[in-house]
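Below is one structure, written out as structure tokens, with a few remarks after it.
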Amino acid sequence: MGASTGAIAHLLPPALERLALKHPGVEVNVQVLTSNESMARLAAGGLDLAIVALPRAPARGVHVAPLRREAVVALLPAAWKAPRRLTPQWLAQRPLIMNDSSTRLYRLTAEWFSAAGVHCRPRIELNYNDAIRTLVAAGYGAALLPEESHEHARDHRIAVRPLSPALWRQLGLAVSDRGASGPTRFVLDALLPQKDSTGIKTSVS
């Protein structure tokens, strides 16, 4: 299974707990990958499923279904004086910490700035949310991250602000035709406890 560090830290643990209770013999090999890397490996047969950022270009032999939608919020050093809601214009004038340009979150954020007619130039790019939070807490810059990425890791040195206009990230489950049966189906059921996982099309009845 492929997933980003954020998904591994905040979405997988409860799903793995549910999986262990119902199917203790199933083992999940998780690989830290960007959404692009996950889709490429699914198409090549190197993965069975992945949590990916949407939208995704179609890939032969891979089916994608929506998983959840998350609000993107700003994390900034608590010492900064900031309005209650942060605009692209306000953030563009501050040092920024962003995911690298190969990620969907980077493009989503860049499009948010561009729609407001401003250009953002990150001070640093990295894909590890824990490292990003540490840099924000140290006063190095502000970051835009999915809300789920920080709710379990509050730090008094970090202030959280909603964005104006609001920004959302959509996540999906991508499943290969080859891996969409047996143990993989159990993992899908654990990830989608309140949904019908048969909504993900497969070549296996």
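Assorted remarks:
- Filter pass, Arg104 being in contact with an Asp or Glu (Cβ under 8 Å, 6 or more places away or on another chain), buried (at least 20 other Cβ atoms within 10 Å of the Cβ) and not aliphatic (A, V, I, L, M): no
- For segment 92-106, a residue qualifies if it is more than 14 Å from Pro146 (Cα to Cα) and not hydroxyl-bearing (Ser, Thr, Tyr), and the qualifying residues are Ala92, Gln93, Arg94, Pro95, Leu96, Asp100.
- Qualifying residue in segment 26-48 (condition: surrounded by 20 or more Cβ atoms within 10 Å (Cβ to Cβ), assigned to a strand (DSSP E or B) and either in the same structural domain as Gly6 (by TED's automatic domain parsing) or of a type in the set (Gly, Ala, Ser) (or both)): no
- Meets criteria (out of contact with any Ser or Thr (no Cβ under 9 Å at 6 or more places or on another chain), surrounded by 14 or more Cβ atoms within 10 Å (Cβ to Cβ) and in contact (Cβ under 8 Å) with a residue 24 or more places away in the chain) for Leu145: yes
- Hits in segment 3-17 (condition: surrounded by 14 or more Cβ atoms within 10 Å (Cβ to Cβ) and either farther than 16 Å from Thr184 by Cα or at pLDDT 95 or above (or both)): Ser4, Thr5, Gly6, Ala7, Ile8, Ala9, His10, Leu11
- Scope segment 148-169; condition crowded, with 16+ Cβ neighbours inside 10 Å and under 27 Å from Ala50 (Cα atoms); matching residues: Glu148, Ser149, His150, Leu167, Arg169
- Residue within segment 184-200 that is at pLDDT 90 or above and in a strand (DSSP E or B) present: no
One line per residue, one yes/no per condition, for (1) in contact (Cβ under 8 Å) with a residue 12 or more places away in the chain; (2) in contact with a strand residue (DSSP E or B) (Cβ under 7 Å, 6 or more places away or on another chain); (3) not polar (S, T, N, Q):
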| position | (1), (2), (3) |
| --- | --- |
| Ala20 | no, no, yes |
| Thr34 | yes, no, no |
| Leu49 | yes, yes, yes |
| Arg68 | yes, yes, yes |
| Ala82 | yes, yes, yes |
| Trp90 | no, no, yes |
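- Pairs where the first residue, in segment 92-106, is closer than 14 Å to Asn129 by Cβ and touching a residue at least 40 places away in the same chain (Cβ under 8 Å) and the second is in a loop (DSSP other than H, G, I, E, B) and aromatic (Phe, Trp, Tyr), C-beta under 8 Å, 6+ apart: Ile97/Tyr140
- Residue list for segment 49-91, filter: surrounded by fewer than 20 Cβ atoms within 10 Å (Cβ to Cβ), over 18 Å from Glu147 (Cβ atoms) and among the aliphatic types (A, V, I, L, M): Ala57, Ala59, Ala65, Ala79
- Single residue of segment 107-130 satisfying the filter (within 28 Å of Ile8 (Cα to Cα) and without any contact (Cβ under 8 Å) to a residue 24 or more places away in the chain) that is surrounded by the fewest Cβ atoms within 10 Å (Cβ to Cβ): Glu111
The values are calculated or read from the model by the stated rules, or taken from the named source; none is laboratory data. Remember, predicted model here, so these are calculated numbers, not experimental data. Note that each Cβ is placed from the backbone with ideal geometry, even for glycine, and that neighbours are counted across all protein chains shown.
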